Every structure is written in structure tokens, then in C-alpha cells.
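The values are calculated or read from the model by the stated rules, or taken from the named source; none is laboratory data. Since the model is a prediction, treat every value here as computed from it, not as a measurement. Counting neighbours? That spans all protein chains shown, and the Cβs are built from the backbone with ideal geometry, glycine included. Surface areas here come from the heavy atoms of the whole protein model, side chains and all, with no ligands, DNA or RNA. Shrake-Rupley method; radii C 1.70, N 1.55, O 1.52, S 1.80 Å.
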Amino acid sequence: MTAHEGATVLVVEDEPSIADVLAIALRYHRFEVMTAGTVREALALAERTRPDAALLDVMLPDGDGRALGRELRGRRPDLAIVFLTARDAPAEIVGALGFGDDYITKPFNIDEVVARITAVLRRTRSDDVLPQRPPLRYGDLELDETTYRVHRSGRTVELTPTEYALLRFLVRNGGRIVPKEQLLRHVWQYEHSAESTVVETYISYLRRKLEPLGPPLIQTRRGVGYGLA
């Protein structure tokens, strides 16, 4: 079974033509799909069902898609969240990725939407059947690969699934500087997105969560990539 087979996606988009295209494409790729055009409809659907992923437009007629994502993630910490945002809207992107897993800018390619949702679900659902594993350790950092919990200096660090995947890949590479393109391939499954700012955004969120608990941990090699100090 693939990572997404049988997965349910909640599509929240107020433009009916866009919502229909997304629903048709996702169903073609064997997703179960629910659609909503407002925050109120989305919350009601999520209350009655348990979607595995949510594809949320940031601009909705009765509220902010980012606030909706925060509410849904509060109810379901394991829910995969992908945002649809207007092109060239960095404030929307940075605000959304504080609790989401990925974003797609409009206008979008439908194949990219399917690939992004599949990649996020691969990360969030990869713990369906896992043997007990010893924790990963790097300095005062500990990652439990069975429960997906992270501790630094003995204190719990709450990470989204994508933040966890990024940190785990850095830990597994020890003190080596990992090129940005390699992070995009292994964490996001992007093949040709070298200009994407998603890595920089997630690195900033990891720093905000880890650095209050100890000395700076993530180092930047400008023009190359990132690694652990």
C-alpha cells in the first residue's frame, strides 16, 4: 500500500471551479476527498470525519485559512496540512508554515498538488508500522524514531511532522553540511525546486524552537546548505 492509498483529503477552497479540479484530480489518484468552501463548513466536516490531510486556501470568505489550519492542527496533531497561497506572498507563507507542512503558490500545476500531498502524507503516516528503534542522539538532542518525540536538554520540543523530518535528516548527517538541494529531495521529495524558500523557512522555525533550550545548534553555509554545529 502506498503512503496515501485510502487517505482522506479535506479540500477547503471557495472558488468552485478550482475545488472541482482539485477533487477530480485527487480522486483519480485514489484519495478520498471532501470539499468545503468556508471555514464553518470545513470545521463541521472535520468534526464529523477524520481527514488525513487538509488542503487549505489561505483566503476564505468567512475567515483566514491559516487560522483554520491552526484550529484543525489543535484538534488533530497528526493532520497533514498543505496551504494554497497567492504568488509572491512571503508573509502568508511564513505565517502558515509555523504549524503547516507545506505550501503551494497559485497558479499551480495539479500534478504538483498531488505530489506535495503525497509527500506530506508519506512523512506523517510513515509510523503506521514501525519496529522499536533506539533514539537518535546528537549532543543534548534526542529523537525517538518510534514515537517521533524530540527532546533537548531533557525538555520536550513540539515539532510538526515536516520539522521532525528535517531535523532527523540533519541529525543523521551528523556535523556534515547538507546541500539545500539534497534537503529538498529527501525531506520534501522536490526534484527541481532549488529556488524554493521552503528550506530556509523551516530552518528558521527549528531554530526558534531549539535555541531557547541550548546554544545555537543549526549552522548555515551560505550558498551551500545547513548542518548541525
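With each label modelled as a point 7 angstrom along the Cα→C-beta vector, the Ala67-Arg137 pair spans 4.6 nm. Extending each Cα 7 Å along its Cβ direction at Ala25 and Thr201, get the distance between those two points in nm, one decimal. That separation, rounded to one decimal, is 1.8 nm.
You can think of it this way: the chain between Thr146 and Leu45 has 33.3 nm of extra reach, that is 0.36 nm per residue less the Cα-Cα gap. Solvent-accessible area of segment 1-88 (1.4 angstrom probe, protein heavy atoms only): carbon and sulfur portion equals 51 percent. Once the C-beta distance of Glu211 and Glu112 is scaled by a Förster radius of 25 Å, the resulting FRET efficiency is 0.15 to the nearest 0.05. Site pair Thr156 and Ala229 shows an inter-label distance of 2.7 nm when each label is modelled 7 Å from Cα along Cα→Cβ.
Backbone geometry of segment 68-85 corresponds, through the Karplus equation with coefficients 6.51, -1.76 and 1.60 at θ = phi - 60°, to 3J(HN,Hα) couplings of 4, x, 5, 5, 5, 5, x, 6, 10, x, 8, 5, 7, 10, 10, 9, 9, 10 Hz, x marking Gly and Pro.
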